[in-house]
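**Student:** What follows is a structure written as structure tokens; I'll ask about it next.
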Amino acid sequence: MLLVVDPGSPAPLFQQIADGVRAEVIRGGLREGSRLPSAKELAESLQLNLHTVLKAYQTLRDEGLLDLRRGRGALLTAQASVLGEVAQEVPLLVARAKAAGIGPAALSALIKEEYAR
Amino acid sequence: MTDERRRYLRTLLLVGAALPLAIALAGSILAIAWLGRLPAEVAIHWAAGGAPDGFAPPWIVPGMLLLIVAGFSAVTVVSLAAAHGPRVRNARILVATASWLSTTLTVGLVGSLVSQLDLADPRSAQSPAAPLITGALLGLAVGALAWFLAPVPPAGESDTPTVERLSLGEDARVMWTATATASPKLAAVIALFGVALLVQAIVLTFELGAAAWPFYLAPVVLALVLSTLTWRLRIDHRGVVARSVLGFPRITVPAGRIQGASVVTVSPVADFGGWGLRWLPGEVGVILRGGEALRVSRRDGHTVTITTHDAGRAAGIVEAIAGRNGA
């Protein structure tokens, strides 16, 4: 698993960690049952406050992606496989959008609109 | 397959398998030709004093000889067939050992039959010390010959893929983790072996009582070996850490000592003489399976090689961290 966080980036740090974990799931580097490092280990490695990492883990738990259990660490749930499967359909959609000259902002807007229906 | 690789395989088959097998076969043919002149049961084991205390039908000698030599030759060829790169030390040792083993066993085993020719009672068989010593000496000579004839594995095509240094913003922080494991097959073989030895130790405890304790050493060692077949890897601003699941042993390269990183293709037996935590002069290897590996070079010239998936990205990150520390 590769995580990069940049305090200079406008996105909040906890968001960057959660994004990184999700990206790794989509890449296939993490799957159902994979164990994330402890929040303490992650905080030390990324030189972040423990609360920032805990907030990232809680975000992922709220999304149903992470199972947090005292003493058992942070395990990815079955939702990770689902996310990975859904992600496989994205390149096709993006390729079609690209071919049609639709940019990322317009495509995201379309997706958001579809969610709002 | 390149011509070079084809030549390598041909020489490997000749020196690593055909030579030891030919020696064992010659000895076996001799032993089989003697079957009519040997007693129904021959001495195959001698007590410390030189008197025979183990007997078996004579065909067991060529049978065992061929089985052992064929098995060892097969291991030699299979484990070296995919070897690559100029690091041939271990390849040579294995090829030489195949011939040494074959010669020692052939001369020692078949030689032990010579004094039993036309013997009525195998209990008067002479101690085989002379053929065993002759065999060991001849074995050294033939082993040395095989050492020099051993083929040099050709370089693999993917030996040095270029590593792309991960570009990081000035303040960006990076962390990479992975779990490196041996193939489940290897782990299963070791676990089965360990369980079998443990059962043997327990059975022996019933027979021998407390005197059976040394038999528990082997299963304990295998359990420790098993624990070094899964490693957790971490790369961050502090450097590279690899630790086995038990937390020990642990290999670390602090960020300030890193010169750079590369991706290499590892053949466990040919490059490191086997699996697990391996030491060679100037090199440490956490070798869990063949294939891609992260090689971290230290500023003092030593290297640490860890077989892992995702080695390309890992090397890019190590490079970035080395760059930050002025390498």
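**Student:** Can you tell me which condition B:L13 does not meet? The list is (1) part of a helix (DSSP H, G or I); (2) more than 21 Å from B:A144 (Cβ to Cβ), and all the others hold.
**Tutor:** Just one mismatch for B:L13, condition (2).
**Student:** All but one of (1) open to solvent by 70 Å² or more (accessible area, probe 1.4 Å); (2) closer than 22 Å to B:A180 by Cα; (3) touching a strand residue (DSSP E or B) at 6+ places or on another chain (Cβ under 8 Å) hold for A:Q58; which doesn't?
**Tutor:** Just one mismatch for A:Q58, condition (2).
**Student:** Okay, moving on. Condition test on B:R278, is it open to solvent by 20 Å² or more (accessible area, probe 1.4 Å), within 14 Å of chain A (Cβ to nearest Cβ) and either modelled with pLDDT of 95 or more or more than 20 Å from B:V163 (Cβ to Cβ) (or both)?
**Tutor:** No: the conditions fail for B:R278.
**Student:** Scanning region B:173-196 for residues that are surrounded by fewer than 18 Cβ atoms within 10 Å (Cβ to Cβ) and over 23 Å from B:A293 (Cβ atoms), which turns out nearest to the other protein chains (Cβ to nearest Cβ)?
**Tutor:** B:A191
**Student:** Does A:D67 qualify as being surrounded by 12 or more Cβ atoms within 10 Å (Cβ to Cβ) and charged (D, E, K, R)?
**Tutor:** Against the criterion (surrounded by 12 or more Cβ atoms within 10 Å (Cβ to Cβ) and charged (D, E, K, R)), A:D67 qualifies.
**Student:** Looking only at region B:221-236, which residues are out of contact with any helix residue (DSSP H, G or I) (no Cβ under 6 Å at 6 or more places or on another chain) and more than 30 Å from B:S73 (Cα to Cα)?
**Tutor:** Answer for region B:221-236, where residues must be out of contact with any helix residue (DSSP H, G or I) (no Cβ under 6 Å at 6 or more places or on another chain) and more than 30 Å from B:S73 (Cα to Cα): B:W231, B:R232, B:L233, B:R234.
**Student:** Kindly indicate which of B:T106, B:T205 is assigned to a helix (DSSP H, G or I), β-branched (V, I, T), over 30 Å from A:L42 (Cα atoms) and open to solvent by less than 30 Å² (accessible area, probe 1.4 Å).
**Tutor:** B:T106
**Student:** With the requirement that a residue be open to solvent by 30 Å² or more (accessible area, probe 1.4 Å) and modelled with pLDDT under 85, what does region B:224-233 give you?
**Tutor:** Across region B:224-233, the qualifying residues are B:L224, B:V225, B:L226.
**Student:** Turning to a different aspect of this structure: Looking only at residues in region A:21-52 that are small (G, A, S) and at the interface with chain B (Cβ under 9 Å from one of its Cβ atoms), which one is nearest to B:H237 (Cα to Cα)?
**Tutor:** The selected residue is A:S45.
**Student:** Any residue in region B:306-327 that is away from every other protein chain (no Cβ under 12 Å) and of a type in the set (S, T, N, Q) sitting within a Cβ distance under 6 Å of a residue that is open to solvent by less than 10 Å² (accessible area, probe 1.4 Å) and assigned to a helix (DSSP H, G or I)? List the pairs, counting only those 6 or more apart or interchain.
**Tutor:** Qualifying pairs under 6 Å: B:N325/B:A255.
The values are calculated or read from the model by the stated rules, or taken from the named source; none is laboratory data. Keep in mind it's a predicted model, so treat the numbers as computed, not measured. Backbone-built Cβ (ideal geometry, glycine too); neighbour counts: all protein chains shown. Only protein heavy atoms, including side chains, enter the accessible area calculation; ligands, DNA and RNA are left aside. Shrake-Rupley method; radii C 1.70, N 1.55, O 1.52, S 1.80 Å.
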